[in-house]
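Take a look at the structure below.
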Amino acid sequence: EIYTLSLHDALPIFFDTVLRECYEAWASWLAVASTCIQIIEGNPHLRSLLSWHLQQAGYRVNQSADMMRAKETFQTAQPNLVIMETELTDGSGLELCQWLQQRGRPLIMILSAKSGEPDVVAGLQAGADDYLKKPFGMQEFLARVEALTRRNRKITAPVSLTYGDLNIDLVQRRVRFK
């Protein structure tokens, strides 16, 4: 069957569908783009590689090579997720993990070559939300980051969007042109 709708009937359906799809895409992008991640890794090559992949996925990324710089960066950037190794040149990553938990409770992912069960348990007990054993695949790493940040997203969506004289009320689903 073929249905014919008048413009009067079709426009609300069209705007409702288009606005919902645009808004959902925008909200999803905004959630990723507003997520700040701090990488604390002594190996500059791995640190750069992780940073590049996270930036390509849309995240904002800060990098630190040691505990001292990591603390400074954390206090200024207030990241949502900290990705860190346990063996830092100027201290223990587990101590840093506990320090982070006392100052803002960010999500924490530990990357470590130590793969024994006692090491994993110690990392999780120190406050880590995830523990990834080195070496690891980039797809698994990115999937774990996505899973961690998805749990912590708090999207405060606007109730309306304004573009010049055009106002789109997302709650009442109305478009106004002044």
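Overview of values
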item	result
Residue match in segment 4-20 (condition: surrounded by fewer than 12 Cβ atoms within 10 Å (Cβ to Cβ), in a helix (DSSP H, G or I) and modelled with pLDDT of 90 or more)	no
Scan of segment 90-118 for residues that are among the small types (G, A, S) and either open to solvent by 40 Å² or more (accessible area, probe 1.4 Å) or in a strand (DSSP E or B) (or both), ordered by number	G91, S92, G104, S112, A113, S115
Residue among A128, A70 that alone is outside any loop (DSSP other than H, G, I, E, B), touching a helix residue (DSSP H, G or I) at 6+ places or on another chain (Cβ under 9 Å), in contact (Cβ under 8 Å) with a residue 12 or more places away in the chain and small (G, A, S)	A70
Scope segment 73-83; condition of a type outside the set (S, T, N, Q), over 15 Å from L46 (Cα atoms) and either more than 11 Å from the chain's Cα centre (by Cα) or in a helix (DSSP H, G or I) (or both); matching residues	F74, A77
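The values are calculated or read from the model by the stated rules, or taken from the named source; none is laboratory data. Quick caveat, the model's predicted, so the values are computed rather than measured. Cβ sites come from the backbone with ideal geometry, for glycine too, and all protein chains shown count toward neighbours. Keep in mind that these areas ignore ligands, DNA and RNA; they rest on the heavy atoms of the full protein, side chains included. Shrake-Rupley method; radii C 1.70, N 1.55, O 1.52, S 1.80 Å.
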